[in-house]
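Structure first, commentary second.
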Amino acid sequence: MTNKLIDLHAAAALVPNGATLSFGGFTIQRHPMAFVYELVRLKRRNLYLFGHSPGGDWDILIGAGCVKRVELAYEADEAFNTVGPRWRQAVERGEIEWEDYSNFSMVSRFAAGAMGIPFMPIRSLLGSDLLRKQALTDEQRAADPRTSPKKLHCMTSPFNPQDQVVLVPAIHTDFAVLHVQKATVNGTVRIEGQTFADVQQALCANTVIVTAEEIVEEEALRHEPERNLIPFFAVKYICHVPFGSHPYAVYNYYDYDPLQLKEYHENADGDATFQGYLEKYVYGVKDHREYLVRVGGQARLDQLRAAPGYGYNPELKRRRL
């Protein structure tokens, strides 16, 4: 059995400037934040991100100047902010290249890449302005061969002349980085709760890096093998990172941290205050262990732990903080 365990910093260091990436999770759920913070500390530049529903994982990378181009549906932390503040400002200032699709069409693009087909036919964009508007220019598309030469293609079904479909291009990335609940040293992973598009993202990436709350014995995941949706041979590296998604939630392990998300969004709108946040929680700590101490240590983390039978913490104070 191959041992795929690797240190978090070493895993992040594998990502070069200019790489194409996707991150697992959904808005305030299961983002590989400890990995993202390592990329920021490494000062990676010109990253090219693909995503369907990212949140603060993208926002902090964009604000830190790590990202050149994105293709996405939306970027937000749900109720904490309708649009990611650093993402919004980067678009308004013309500091980032971007293309937008619907949520379903981005998931369909990942699915096409995972299936090894060049595109996916869908209907969800019909009747939408997304069908008619292209944010990336033809020149920007031509400048990077990893970008589809067209945003999409509309066509009449070859089986029914009354039927229209939209073809969206497949996605292939250099890296997919996922955070999961359990993993074995040889790359078997278990995602509990909703998987979102993590499986499709993993299967359309050249290199899959997984950060996990727990490293468990192989036998533990051989029970109910149908729940291990990503084949072990698709996973290249495993990192043991407890609370690796903080301040976001990991089903059955801990809830999102409303105090930390509130602090982020109170500071992310202003350039100076955002830099202050980075200095305090990213640049000002050596590693993930020091970060967890900085956000409140074991006492705070224990307050976030999920209650058995719920998957989250029903007693957590979320409003009027």
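Remarks
- Matching helices (runs of 4 or more DSSP H) fully within segment 256-297 where at least 2 residues are basic (Lys, Arg) and open to solvent by 70 Å² or more (accessible area, probe 1.4 Å): 288-294
- Top-ranked residue in segment 123-134 [being surrounded by 14 or more Cβ atoms within 10 Å (Cβ to Cβ) and out of contact with any Leu (no Cβ under 8 Å at 6 or more places or on another chain); ranked as farthest from Ser53 (Cα to Cα)]: Gln134
- Any hit, segment 6-15, residues being β-branched (Val, Ile, Thr), closer than 18 Å to Val241 by Cβ and surrounded by fewer than 20 Cβ atoms within 10 Å (Cβ to Cβ): yes
- Hits in segment 201-213 (condition: touching a strand residue (DSSP E or B) at 6+ places or on another chain (Cβ under 7 Å) and either open to solvent by 70 Å² or more (accessible area, probe 1.4 Å) or not in a strand (DSSP E or B) (or both)): Gln201, Ala202, Cys204, Asn206
- From the list Glu71, Glu75, the one residue that fits, being in contact with a Phe, Trp or Tyr (Cβ under 7 Å, 6 or more places away or on another chain), under 18 Å from Ala135 (Cα atoms), open to solvent by less than 10 Å² (accessible area, probe 1.4 Å) and part of a loop (DSSP other than H, G, I, E, B), is Glu75.
- Whenever a residue of segment 264-278 is more than 18 Å from Trp58 (Cβ to Cβ), its partners that are open to solvent by less than 60 Å² (accessible area, probe 1.4 Å) and part of a helix (DSSP H, G or I), lying with C-beta atoms within less than 7 angstrom and at least six residues away or across chains, give the pairs Thr273/Asn267; Gly276/Asn267.
- Considering the conditions (1) more than 18 Å from Gly270 (Cα to Cα); (2) in contact with a Leu (Cβ under 8 Å, 6 or more places away or on another chain); (3) among the charged types (D, E, K, R), Lys43 is excluded by exactly one of them, (2).
- When residues of segment 221-255 are limited to those that are assigned to a helix (DSSP H, G or I) and free of Cβ contacts under 8 Å to residues at least 24 places away in the same chain, the one farthest from the chain's Cα centre (by Cα): Arg222
- Boolean, Val36 is more than 13 Å from Ser245 (Cα to Cα), surrounded by 19 or more Cβ atoms within 10 Å (Cβ to Cβ) and among the aliphatic types (A, V, I, L, M): no
- Residues that are crowded, with 24+ Cβ neighbours inside 10 Å and in contact with a Pro (Cβ under 6 Å, 6 or more places away or on another chain) are absent from segment 46-54.
- Failed item, numbered, when Ser22 is tested on (1) surrounded by fewer than 22 Cβ atoms within 10 Å (Cβ to Cβ); (2) in a strand (DSSP E or B); (3) polar (S, T, N, Q): (1)
- Residue in segment 145-155 that is under 30 Å from Ala12 (Cβ atoms) and of a type outside the set (S, T, N, Q) present: yes
- Test for Trp58: is it open to solvent by 50 Å² or more (accessible area, probe 1.4 Å) and under 17 Å from the mean Cα position of the chain (by Cα): no
- The C-beta contact set for segment 33-47 (first residue in a helix (DSSP H, G or I), second residue of a type in the set (Val, Ile, Thr), distance under 6 angstrom, 6+ apart or interchain) comprises Ala34/Val241; Phe35/Val177; Phe35/Thr211; Tyr37/Val282; Val40/Val282.
Condition check ((1) part of a strand (DSSP E or B); (2) open to solvent by 10 Å² or more (accessible area, probe 1.4 Å); (3) in contact (Cβ under 8 Å) with a residue 60 or more places away in the chain; (4) β-branched (Val, Ile, Thr)) across all residues:
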{"residue": "Thr82", "(1), (2), (3), (4)": "no, yes, no, yes"}
{"residue": "Arg86", "(1), (2), (3), (4)": "no, yes, yes, no"}
{"residue": "Ala90", "(1), (2), (3), (4)": "no, no, no, no"}
{"residue": "Glu95", "(1), (2), (3), (4)": "no, yes, no, no"}
{"residue": "Val107", "(1), (2), (3), (4)": "no, yes, yes, yes"}
{"residue": "Phe110", "(1), (2), (3), (4)": "no, no, yes, no"}
{"residue": "Ala114", "(1), (2), (3), (4)": "no, yes, yes, no"}
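The values are calculated or read from the model by the stated rules, or taken from the named source; none is laboratory data. Since this is a predicted model, take the numbers as computed values, not measurements. Ideal geometry is used to build each Cβ from the backbone, glycine not excepted, and the neighbour counts take in all protein chains shown. Accessible surface areas use protein heavy atoms only, side chains included; no ligands, DNA or RNA. Shrake-Rupley method; radii C 1.70, N 1.55, O 1.52, S 1.80 Å.
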